[in-house]
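What follows is one structure encoded as structure tokens, with my remarks underneath.
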Amino acid sequence: AQSVTQLDSQVPVFEEAPVELRCNYSSSVSVYLFWYVQYPNQGLQLLLKYLSGSTLVKGINGFEAEFNKSQTSFHLRKPSVHISDTAEYFCAVSPPPGNLFFGTGTRLTVIP
Amino acid sequence: DAGVIQSPRHEVTEMGQEVTLRCKPISGHNSLFWYRQTMMRGLELLIYFNNNVPIDDSGMPEDRFSAKMPNASFSTLKIQPSEPRDSAVYFCASSWTGGDDEQFFGPGTRLTVL
């Protein structure tokens with residue numbers, strides 16, 4: 001069985017400060033890993049994904065994530081956040097082929 | 001590509017009425033997912049189709065909910081009769097299973113049951 005844990009439900013951060021959103025997963029098989037972002041009143045859109053290869057993955061809007069197999073983590077980072085990054089962020093895993101298992105989400109609020 | 005299309009975008013109905021939500025997946029995708037999102041329960045998977053066949057409907061709350069996928073380009077989620085606790089945003093997503101499983105989400109339908 002697969003599960004995803006997002007350790008922080010809310011993360012406030014000042015504009016231009018760095019941020020890390022944490023994600024840990026549990027799976028008995030190899031997985032694909034994803035981060036999605038949901039802006040207010042919109043659907044989810046893909047930020048980045050890890051399938052294989054380099055453990056550091058770069059996504060849109062300056063975000064990146066690092067896959068750590070030994071710690072079963074896939075934390076999302078950005079070195080300097082902007083007001084427009086205020087949104088809800090979801091980590092997800094897929095034991096291919098098939099469904100995605102989503103975490104409960106982390107609400108990032110960027111403070112001016 | 002137009003992306004995943006959902007209709008209506010907003011629906012307001014009275015308790016006891018039938019509600020039908022519609023979804024057109026991205027052309028070429030072979031998997032379709034219906035999700036429900038609320039403040040209390042977050043994002044929940046309701047049902048998942050692969051090649052138009054329901055694979056996992058364990059998330060469907062109760063018999064009042066039903067979903068169909070008559071062909072590769074159309075799916076419906078029906079609630080009959082609707083109740084106030086069904087108020088939520090319902091998302092449809094599609095993917096190419098057998099690829100990297102990335103799901104593409106529609107804009108959602110905001111359902112309010114009075």
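Some values worked out for this structure:
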| item | result |
| --- | --- |
| Residue identified as part of a loop (DSSP other than H, G, I, E, B), open to solvent by 30 Å² or more (accessible area, probe 1.4 Å), modelled with pLDDT of 95 or more and more than 25 Å from residue A:104 (Cα to Cα) among B:98, B:16 | B:16 |
| Qualifying positions in the stretch B:68-88 - free of Cβ contacts under 8 Å to residues at least 60 places away in the same chain and buried (at least 20 other Cβ atoms within 10 Å of the Cβ) | B:69, B:75, B:77, B:88 |
| Cross-chain or 6+ apart pairs with Cβ under 8 Å, the stretch B:37-66 first and on the phi > 0 side of the Ramachandran plot and surrounded by 15 or more Cβ atoms within 10 Å (Cβ to Cβ), then assigned to a loop (DSSP other than H, G, I, E, B) and at pLDDT 90 or above | B:42/A:104; B:42/A:105; B:52/B:72 |
| Test: residue A:5 is within 13 Å of the chain's Cα centre (by Cα), surrounded by fewer than 19 Cβ atoms within 10 Å (Cβ to Cβ), within 11 Å of another protein chain (Cβ to nearest Cβ) and within 27 Å of residue B:35 (Cα to Cα) | no |
| Residues of the stretch A:32-51 classified as more than 10 Å from chain B (Cβ to nearest Cβ) and either touching a residue at least 60 places away in the same chain (Cβ under 8 Å) or assigned to a loop (DSSP other than H, G, I, E, B) (or both), total | 3 |
| Strands (runs of 3 or more DSSP E) fully within the stretch A:69-112 counting 1 or more residues that are more than 14 Å from every other protein chain (Cβ to nearest Cβ) | A:73-78, A:106-111 |
| Residue selected from the stretch A:9-31 under the condition within 14 Å of chain B (Cβ to nearest Cβ) and surrounded by fewer than 20 Cβ atoms within 10 Å (Cβ to Cβ), by the criterion farthest from the chain's Cα centre (by Cα) | A:29 |
| Unmet requirement for residue B:96, which otherwise passes all of (1) in contact with a strand residue (DSSP E or B) (Cβ under 8 Å, 6 or more places away or on another chain); (2) more than 14 Å from every other protein chain (Cβ to nearest Cβ) | (2) |
| Check on residue B:109, under 21 Å from residue A:90 (Cα atoms), among the β-branched types (Val, Ile, Thr), within 14 Å of chain A (Cβ to nearest Cβ) and open to solvent by 30 Å² or more (accessible area, probe 1.4 Å) | no |
| The stretch A:95-112 residues that are surrounded by 21 or more Cβ atoms within 10 Å (Cβ to Cβ), paired with ones that are in a loop (DSSP other than H, G, I, E, B) and at pLDDT below 90 (beta carbon under 8 Å, 6 or more apart) | A:99/B:101; A:100/B:101 |
| Every residue from the stretch B:22-39 that is within 8 Å of the chain's Cα centre (by Cα) and farther than 16 Å from residue B:73 by Cβ | B:35, B:36 |
| The stretch B:59-93, residues that are among the small types (Gly, Ala, Ser), under 18 Å from residue B:30 (Cβ atoms) and either part of a strand (DSSP E or B) or at the interface with another protein chain (Cβ under 10 Å from one of its Cβ atoms) (or both) | B:67, B:75, B:93 |
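The values are calculated or read from the model by the stated rules, or taken from the named source; none is laboratory data. Here the structure is a predicted model, which is why all the values come from computation and not from measurement. FYI the Cβ positions are ideal-geometry reconstructions off the backbone, even for glycines, and counts take in every protein chain you see. SASA here: full protein model, heavy atoms, side chains in, ligands and nucleic acids out. Shrake-Rupley method; radii C 1.70, N 1.55, O 1.52, S 1.80 Å.
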